[in-house]
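Shown next, in structure tokens, is the structure this report addresses.
The values are calculated or read from the model by the stated rules, or taken from the named source; none is laboratory data. This one's a predicted model, so the numbers in the text were calculated from it and none came from an experiment. No Cβ is skipped: glycine too gets one built from the backbone with ideal geometry, and neighbour counts run over all protein chains shown. For accessibility, only protein heavy atoms count, side chains too; no ligands or nucleic acids. Shrake-Rupley method; radii C 1.70, N 1.55, O 1.52, S 1.80 Å.
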Amino acid sequence: FIESKAYSRGYRILYCSTDNDTDRTIELVQLFRDRHVDGYIITPSEGIADTIQSLLNSQLPLVLFDRYLPNLQTNYVVSDNVKGAYDATAHLAQQGFKRIALVTLYSSQTQMRDRMDGYMRAIDTYKLQPYVKKVNIGQDEQALIADFKSFLAEQQPDAIFFATNYLAISGLKAMRQLPPPMPAVASYDDHTLFKLFSPSITAVSQPIEAIADELIRILLNQLDGKGKELKQVVLPSELIVRESSLKSNK
């Protein structure tokens, strides 16, 4: 949580992201409502729809970040998760990989649903067999690594697309414990470690600065009484190709 002055214009804005901890999110939103925060930027966890609706009912300036709630009419700024996932999976297929797996979460959140959709569209385009491994949010990392190693042994994918960078990091730890060769790898969401890893990791990079600019612009317009129409912004992502996904490196 970050409460800050917005461009020194005197507004108190709350940015809220709690790693999918619904109870904590609800508690802290209420805390800052009691402090009369002027506007809210929220990365919504599952189960927070009633809290968001309450903010809307009170006509408080609000914009969602990274994901949105399909049943609520809200402002939001997201990256194009469908195309980002499609591009990463298509890139692996174009490199000649045939058993491309997706490692994702058990989640109904829109960004995870859209990344699954993008993966499945690319699999269909290239007439391949889908291999999907889902894990629970918040699963213990050691249990996740053991589970992932079993998946690799059973399905033997030659390439893996991770739906989040933290899943990719756990997956890379698991693959380090297995004999080579390592499957090709791509991940949604770039990470500083991906440039340092050997081989360096291909990733879908979200336009973080553009997202931040849109979030602040939309919220300030609401605070200034200019944001009467809903702003639902989808920004393009970029596939950064590195060594881990290139057939020549396998």
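Under 5 Å between amide hydrogens, built in the peptide plane, is the criterion, and for TYR40 it picks out LEU14, LEU62, VAL63 among residues at least 5 positions away or on other chains.
Heavy-atom accessible area per residue, the chain, 1.4 Å probe: how many Å²? Can you show the working numbers first?
Working: 12390 Å² over 250 residues.
Accessible area per residue, the chain: 50 Å².
Here the stretch 113-243 carries DSSP beta bridges of which approximately 30% are antiparallel, counting only pairs with both residues inside. In percent, rounded to a whole number, the relative contact order of the stretch 160-234 is 24, using alpha-carbon pairs under 8 Å and six or more apart.
Take every pair of alpha-carbon atoms less than 8 Å apart whose residues are at least six positions apart; their mean separation over the length of the chain yields a relative contact order of 19 percent.
You can think of it this way: the chain between LYS134 and ASP117 has 4.7 nm of extra reach, that is 0.36 nm per residue less the Cα-Cα gap.
For TYR76, neighbours were defined as the other residues whose beta-carbon sits under 10 Å from its Cβ, and their charges (Lys and Arg +1, Asp and Glu -1) total 0.
Under Stokes-Einstein, with the Kirkwood radius over Cα pairs standing in for Rh, what whole-number D in µm²/s applies to the chain at 10 °C and 1.306 mPa s?
Values: Rh = 19.3 Å.
For these conditions, the coefficient is 82 µm²/s.
Non-local lysine pairs in the stretch 126-250, meaning eight or more places apart or on different chains, with alpha-carbon distances under 29 Å, amount to 22. About the centre of its Cα atoms, the stretch 110-243 shows a dipole size close to 140 debye [charges on the beta carbon of Lys, Arg (+1) and Asp, Glu (-1) only; nearest 20 debye]. Using Cα atoms only, what is the angle between the long axis of helix 81-94 and the major principal axis of the chain, expressed in degrees (0 to 90) to the nearest 10? Orientation of helix 81-94: about 10 degrees from the principal axis.
Students sometimes get this wrong: rank GLU154, GLU46 by accessible area, probe 1.4 Å, all chains present, largest first. Could the numbers behind the result be given before it?
Details: GLU154 135, GLU46 75 Å².
Largest accessible area first, the list is GLU154, GLU46.
Against the chain, whose longest principal axis is taken from its Cα atoms, helix 22-34 shows a tilt of about 20°.
Measuring with a 1.4 angstrom probe and ignoring ligands and nucleic acids, LEU31 comes out at about 70 Å² accessible.
With runs of 4+ DSSP H residues as the only contributors, calculate the mean residue ellipticity of the chain at 222 nm using -39,500 (n - 2.57) per run, divided by the residue total and rounded to the nearest 500.
Working: 8 runs with 100 residues, N = 250.
Helix-only estimate at 222 nm: -12500 deg cm²/dmol.
Ligands, DNA and RNA left out, the 1.4 Å accessible surface of the stretch 45-169 is 45% carbon and sulfur atoms.
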